[in-house]
Amino acid sequence: MSLLEEMNRKATEQGIPLSAHMDITWKCNERCVHCYLDHEGKNEMSTAEIKDALDQLADCGTFFLSISGGEPLLRRDCFEILEYARALRFNVKLKTNAVMIGTKEAARLRKLGIEQVQISIYSDRPEIHDAITKLPGSLRRSLAAIERLKAEGVKVSISNVLMKQNVTSGKAVQRLAKEIGVEFHIDPTITPMLNGDRSILNLGITKEELEEVFHTEEFIGNVGEFCAPIAEVNDDILEGYSCSAGHTLAYISPSGDVYPCVQFPMPCGNVREKSFRDIWYRSEQLTELRSVHVKDLTTCSGCGHVGYCSRCPGLAYMEGNMRGPSTSDCAKSEARTGIPSAWQVKSGARPGPSLVQIRVA
Amino acid sequence: MPTTEKYLAKSTDIAARTLGDETIIMSTLDSTIFMLNPTGTAIWQAADGNTPLSRIIEDKVCAEFDVPVEQASADAHHFIDELAEHGILVVSDHPIPQ
């Protein structure tokens, strides 16, 4: 077991929020077509309130901290917040579109010891990237910032969210990342808006395109391993949890709302009204979430994919039941293995196994 | 045992958190991860730049973990050498201003 796995295991056992994601603003200078946030920026925490929340996270044992938004650098106090977080010895990742990172900002981020800057690049072609961000010149500016960060020695990761508009751009962005010498991650997940609006899911790639992504060695690595169905479902899997949300991961919104994860908008309390510790250890919502084991999941517990499915309880929650399936993950499991999920069969979305079957030796 | 007194301070190029009686440390320079056991954590927490290593060993290791000073000192010097080598601890013959 690696040290990180050991640390995660201990954090899970002890209920420590080892990782936290804090959006310091939802304001943004881009208007990405697939974004799940509104950008009004109302009721944001002050600098002092954010620092207090960081103090509380450190006190509860949070080690990994993602500072994000919106565009976090739109806040004038962004560097003050980052500096404060580093003084508290968090391992800090900054998620940004980077269009505001000039030479001075890149140098400051290096000096602060930011672990990684994660930047979304949708295409190597400005007409595609800029059409998604709706900010003319954004690809050029983001790439220039990546070069500046690289020159300073800051670790950078390019995140490539796939949607209809850029589904053919994945390999080119991956090549670009390789040329620049930065990490690359591809993500075919479109998240519903936090206000419940699901219309942006129409931007998601098709079943066939998803299958192609999951069968592309450059993206996945060992395709045979990634796409092979695992037949055995043991007690460890059934007694386990779908993901770390609410177990070792917490999310804090710009107005102080605490959720299990940014993709799991179940309000558990607000750090302006209660201490984070009180919310983390005593909220009814988190207590209920932590009581849900894989064996308790309706439909999913009896699904053949349950051992490796990327099921997101937050997406399931947004579909109406955190114990239910997250249908986009059903689609992913099907795209990986060619086998429909139990929910897909149950709902009639896919035919079930034939009553009469022929097996040829 | 070294005759010169040593002073320890935590580097600024690290991320660290103490969870219970263990401490996780990650170097921001090369992302190397270290996990300190309770004894290492005791030394780490006392590394304030001002307290001499000999006093840390006496007060935080020998007293709390019931080990003889010779053994504690040898282990502690090995421990700080390793962390200093990775840039996690700053070690000096003089107090280190924080």
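We did not get these values from a lab; they are worked out from the coordinates using the rules stated. Here the structure is a predicted model, which means the values were calculated and not measured. Note: ideal-geometry Cβ built from the backbone for every residue, glycine included; neighbour counts use all protein chains shown.
Give B:9, B:46, B:42 a once-over and let me know the one that is closer than 30 Å to residue A:65 by Cα, in contact with a strand residue (DSSP E or B) (Cβ under 7 Å, 6 or more places away or on another chain) and surrounded by 15 or more Cβ atoms within 10 Å (Cβ to Cβ). Walk me through it before giving the result.
Numbers: B:46 fails: in contact with a strand residue (DSSP E or B) (Cβ under 7 Å, 6 or more places away or on another chain); B:42 fails: in contact with a strand residue (DSSP E or B) (Cβ under 7 Å, 6 or more places away or on another chain).
Exactly one residue qualifies, and that residue is B:9.
Only one of (1) closer than 30 Å to residue A:134 by Cβ; (2) crowded, with 21+ Cβ neighbours inside 10 Å is not met by residue A:90, so which one is it?
(1)
Filter the helices (runs of 4 or more DSSP H) completely within region A:269-361 down to those with at least 2 residues that are touching a Phe, Trp or Tyr at 6+ places or on another chain (Cβ under 9 Å) and aliphatic (A, V, I, L, M).
Numbers: elements: A:276-282, A:284-290, A:313-318, A:327-337, A:342-346.
Because the criterion is at least 2 residues that are touching a Phe, Trp or Tyr at 6+ places or on another chain (Cβ under 9 Å) and aliphatic (A, V, I, L, M), the helices (runs of 4 or more DSSP H) in region A:269-361 that meet it are A:284-290, A:313-318.
For chain B, which fully contained helices (runs of 4 or more DSSP H) count at least 2 residues that are within 14 Å of chain A (Cβ to nearest Cβ) and out of contact with any Leu (no Cβ under 6 Å at 6 or more places or on another chain)?
B:38-46
Take region A:3-48 and flag every residue that is within 14 Å of another protein chain (Cβ to nearest Cβ), out of contact with any Leu (no Cβ under 8 Å at 6 or more places or on another chain) and not in a loop (DSSP other than H, G, I, E, B).
A:3, A:4, A:5, A:6, A:9, A:12, A:13 - these are the residues of region A:3-48 that are within 14 Å of another protein chain (Cβ to nearest Cβ), out of contact with any Leu (no Cβ under 8 Å at 6 or more places or on another chain) and not in a loop (DSSP other than H, G, I, E, B).
Taking the condition of being free of Cβ contacts under 8 Å to residues at least 24 places away in the same chain and either acidic (Asp, Glu) or touching a strand residue (DSSP E or B) at 6+ places or on another chain (Cβ under 8 Å) (or both), how many residues in region A:113-155 meet it?
2
Quick one: in region A:45-59, of everything that is under 24 Å from the mean Cα position of the chain (by Cα) and aliphatic (A, V, I, L, M), which residue is farthest from residue A:271 (Cα to Cα)?
Selected residue: A:58.
Pull up region A:86-118, narrow it to residues that are touching a Lys or Arg at 6+ places or on another chain (Cβ under 7 Å) and assigned to a helix (DSSP H, G or I), then point me to the one that is farthest from the other protein chains (Cβ to nearest Cβ).
Among residues in region A:86-118 that are touching a Lys or Arg at 6+ places or on another chain (Cβ under 7 Å) and assigned to a helix (DSSP H, G or I), the one farthest from the other protein chains (Cβ to nearest Cβ) is A:103.
For residue A:251, work out the one condition from (1) out of contact with any His (no Cβ under 9 Å at 6 or more places or on another chain); (2) more than 30 Å from residue A:350 (Cα to Cα); (3) not in a loop (DSSP other than H, G, I, E, B) it doesn't fulfil.
Checking residue A:251 against (1) out of contact with any His (no Cβ under 9 Å at 6 or more places or on another chain); (2) more than 30 Å from residue A:350 (Cα to Cα); (3) not in a loop (DSSP other than H, G, I, E, B), the one that fails is (1).
If we keep just the residues of region A:119-140 that are among the charged types (D, E, K, R) and surrounded by fewer than 18 Cβ atoms within 10 Å (Cβ to Cβ), which is farthest from the other protein chains (Cβ to nearest Cβ)? Full working, then the answer.
Going through region A:119-140, the residues among the charged types (D, E, K, R) turn out to be A:124-125, A:127, A:130, A:134, A:140.
If we keep only those that are surrounded by fewer than 18 Cβ atoms within 10 Å (Cβ to Cβ) as well, we get A:125, A:127, A:134, A:140.
On the way: A:125: 32, A:127: 36, A:134: 34, A:140: 29 Å.
Here the answer is A:127.
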